[in-house]
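> Can you read through this structure? Questions will come right after.
The values are calculated or read from the model by the stated rules, or taken from the named source; none is laboratory data. Computed from a predicted model, the values in this text were never measured in an experiment. Neighbour counts run over all protein chains shown; Cβ positions are idealised from the backbone, glycine included.
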Amino acid sequence: MLNVTPTNFSVLTPDCVLNALESIGLRSDGRLLALNSYENRVYQVGMEDGAPLVAKFYRPARWTDEVILEEHAFVQELAEREVPVVPALSVANRTLHHFDGFRFAVFPKHGGRAPELEDRHTLEWMGRFLGRIHAVGALRGFQHRPTLDIASFGEQPRAYLLAHDFIPPDLDAAYRSVIDMALDGVRHCFTRAGDVGVLRLHGDCHAGNVLWTEDGPHFVDFDDSRMGPAVQDLWMLLSGERGEMVRQLTDVLAGYEDFCEFDERELHLIEALRTLRLIHYSAWLAQRRDDPAFKQAFPWFNSQRYWQDRILELREQIALMQEPPLWQA
């Protein structure tokens, strides 16, 4: 979401993490491993009794309690229908806990590796499970979590970046021109697609949020779950040249449509959604620049080269949005 208050995670010390867990009756053996996460802080914690757990501390001011709990409820609903997800554990009849100004949840530890998306069997398998997620997601809507739309992922990020003078002066005119053309292209794609439906999504379904084992995928990190068109959870599985993406999409849909019907009009949205993600990501970075960990995680942000690359990237997207959708190849 936009208008996020910058947060200092430096007070979230190892002692704070362990004390937070102890406050809900979970005693650690002192082993603590920070996992790869920036938006939130996520730790693998060794326990005195039983297997290690994963503790997720949410970035303050990003979501309300109601929004987080709605995510937890959706993932639990999927788990109850035997969809391979990792729901938050209920401790003392709660999945969301509070300690020293932080909110956190605890999850069972699940291992796995990234899926091999170049493998056709893997893509079809991924499609099947996404179809199952969407079949459940279509049963009802979110009441508190946001919707992926042009305003929140395109227009508001544009306004934030320009209002806070992130663009170097010598690139300002070029950036304003290209982002306005890109957003016009996005609007045109949505117009071509027509009145497509929205449902509850994973929302950020890239390979890093899938743990693959011999039993197939486990989907993790529903932190960006929201309402949106189904294709949002499909397009991030596609890469390469147009012909490669057509083949990949065919494999994904072969599994997906075993469980959920796909509206082919949504294929008009693939490059539009990619464009919105690129615009939103720049604003997401800009809003977190005051986080003490930011410079170490994103040292390349806001350089002259960074904005030159964004201008080129958006120009490429403008051209891609003018091409026919993949199924017309």
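> Just for the stretch 120-152: of the residues that are aliphatic (A, V, I, L, M) and closer than 18 Å to residue 205 by Cβ, which one is nearest to the chain's Cα centre (by Cα)?
Looking only at the stretch 120-152, we keep the residues that are aliphatic (A, V, I, L, M), and these are 123, 126, 130, 133, 135-136, 138-139, 148, 150-151.
Subsequent filtering for residues that are closer than 18 Å to residue 205 by Cβ retains 123, 126, 130, 133, 135-136, 138, 148.
On the way: 123: 19, 126: 16, 130: 14, 133: 15, 135: 19, 136: 19, 138: 19, 148: 11 Å.
So the residue we want is 148.
> Which condition number in (1) farther than 19 Å from residue 116 by Cα; (2) among the acidic types (Asp, Glu); (3) buried (at least 23 other Cβ atoms within 10 Å of the Cβ) is the one that residue 224 fails?
(3)
> Looking at the stretch 13-63, which of its residues are free of Cβ contacts under 8 Å to residues at least 40 places away in the same chain and either in a helix (DSSP H, G or I) or among the aliphatic types (A, V, I, L, M) (or both)?
Within the stretch 13-63, 14, 15, 18, 22, 32, 33, 34, 35, 42, 45, 47 meet the criteria.
> What number of residues in the stretch 209-243 are in contact with a strand residue (DSSP E or B) (Cβ under 7 Å, 6 or more places away or on another chain) and free of Cβ contacts under 8 Å to residues at least 40 places away in the same chain?
Initial filter on the stretch 209-243 (in contact with a strand residue (DSSP E or B) (Cβ under 7 Å, 6 or more places away or on another chain)): 209-212, 217-220, 225-228, 230.
With free of Cβ contacts under 8 Å to residues at least 40 places away in the same chain added as a condition, the list becomes 209.
Residues that pass the stated criteria total 1.
> Enumerate the pairs (first residue in the stretch 104-127 and more than 16 Å from residue 79 (Cβ to Cβ); second residue anywhere and exposed (fewer than 14 other Cβ atoms within 10 Å of the Cβ) and not polar (S, T, N, Q)) with beta-carbon separation below 6 Å, excluding pairs fewer than 6 apart on the same chain, so at least 6 apart or on different chains.
122/116
> Which count do you get for residues in the stretch 291-314 that are of a type outside the set (Lys, Arg), in contact (Cβ under 8 Å) with a residue 40 or more places away in the chain and outside any loop (DSSP other than H, G, I, E, B)?
6
> Tell me the residue from 276, 249 that is under 24 Å from residue 155 (Cα atoms) and crowded, with 21+ Cβ neighbours inside 10 Å, please.
Details: 249 fails: under 24 Å from residue 155 (Cα atoms).
None of the others qualify; the one that does is 276.
> Now, a different point. Somewhere in the stretch 193-200, is a residue part of a helix (DSSP H, G or I) and at pLDDT 95 or above? Reasoning before the result, please.
From the stretch 193-200, those part of a helix (DSSP H, G or I) are 193; that's our starting set.
Checking the rest, the ones that are also at pLDDT 95 or above come to 193.
Yes, that holds for at least one residue.
> Only residues that are surrounded by fewer than 16 Cβ atoms within 10 Å (Cβ to Cβ) and not small (Gly, Ala, Ser): list them for the stretch 235-245, please.
First, the residues of the stretch 235-245 that are surrounded by fewer than 16 Cβ atoms within 10 Å (Cβ to Cβ): 239-244.
Within the stretch 235-245, 241, 242, 244 meet the criteria.
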